[in-house]
Amino acid sequence: MSVKDVSSAASISVMPATRQETVRALTGKEVAQTDSVAVNISQEAMEQAKENLPPPPTKEEREATEKAVLAMRNESMARTPSGPSLASDFYGDPATANDAIRFLDFFQHANVAADDMADALHKALTSPSDNGDYTTNAMDLALTQGKLNKVVERYISSDYQEEASAFVTQFISDKSAQADQLTKVVLSQATKLAQSLGDREQARHHQDAIAQLAEGTHSSQVARKEMLSLTATSGDSEAWFSSMSNWVKENRSLPYVIDIETSHMGALKAQWQTFVDSLQTDA
């Protein structure tokens, strides 16, 4: 029976009930009395309405509903990857903390646990802490590129690897631009210092270097381009380090510079091996 039918069948008694309501208005006058109407529904109509209500669910039906809701919740949680612990070195290490926010999509498309992804990214973005020069900085960025490519290959779902690889390319490009900007700042300061000391030749030398930066021919850019070409697409780490070693030998640097670059290359090689060993073999 519909609500309309219930209303038709109901025995409704409408009883006018007049209630004196006098309110003093803002004008100071009395407001006239108003009438209110009370509506009474018979007991018969109420019983008929109750009869049309659906029966309460049985215990079995309630349990089945609860199980279905629980299954839906678990499925939703499984589709929504949790983030890594904020205590992770990826967020706590100043060397990687500033870049961590840029890798959120890697966690959304990971095929490993969030903490495993955070650990891999931390290792990928960390370089040996010893001092170096333009060449060692170029080596560092090249190895970062190689490690990030390995993370994409091993830890990113296949349907997102193309986007992740494009992100790595842009990330490395941004790091290259930051390095150029830092070099420009250093050279500009060196130029001002030389000028203040009256050393015009040295000032002109630094200005020429700034011009080379703008053209993309500065020695730091040449070294970086060479190193990045090694790890851009190839995963052959033995070929990387062999080419780096040849670069150091052919660059004709001073002996102590060669020692620094060779030592740094050895540290990078050890770090690369540690990184590869840490990756889950079943990913």
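The values are calculated or read from the model by the stated rules, or taken from the named source; none is laboratory data. It should be emphasised that the depicted structure is a prediction, and the values quoted were computed from it without experimental measurement. Note that we place each Cβ from the backbone using ideal geometry, even for glycine, and neighbour counts take in every protein chain shown.
Contact annotation: residue pairs with Cβ atoms under 9 Å, 6 or more positions apart or on different chains, pairing a residue in the stretch 216-233 that is over 13 Å from Ile172 (Cβ atoms) with a partner that is of a type in the set (Lys, Arg), are Gly216/Lys225. As an exercise: evaluate Gln161 against (1) closer than 23 Å to Gln145 by Cβ; (2) touching a helix residue (DSSP H, G or I) at 6+ places or on another chain (Cβ under 7 Å); (3) surrounded by 17 or more Cβ atoms within 10 Å (Cβ to Cβ); (4) modelled with pLDDT of 95 or more and give the number of the one condition it does not meet. Among (1) closer than 23 Å to Gln145 by Cβ; (2) touching a helix residue (DSSP H, G or I) at 6+ places or on another chain (Cβ under 7 Å); (3) surrounded by 17 or more Cβ atoms within 10 Å (Cβ to Cβ); (4) modelled with pLDDT of 95 or more, the lone unmet condition for Gln161 is (3).
The residue of the stretch 78-126 that is farthest from Gln271 (Cα to Cα), among those that are at pLDDT below 95, outside any helix (DSSP H, G or I) and small (Gly, Ala, Ser), is Ser82.
The single condition among (1) farther than 30 Å from Glu162 by Cα; (2) surrounded by 11 or more Cβ atoms within 10 Å (Cβ to Cβ); (3) of a type in the set (S, T, N, Q) that Ser229 does not meet is (1).
Condition check: surrounded by 11 or more Cβ atoms within 10 Å (Cβ to Cβ), outside any helix (DSSP H, G or I) and without any contact (Cβ under 8 Å) to a residue 12 or more places away in the chain. Does Ser242 satisfy that? Answer is no for this residue. Checking Ala211, Ala203, Ala223 one by one, the residue that is crowded, with 17+ Cβ neighbours inside 10 Å, more than 35 Å from the chain's Cα centre (by Cα), at negative phi and among the aliphatic types (A, V, I, L, M) is Ala203 and no other.
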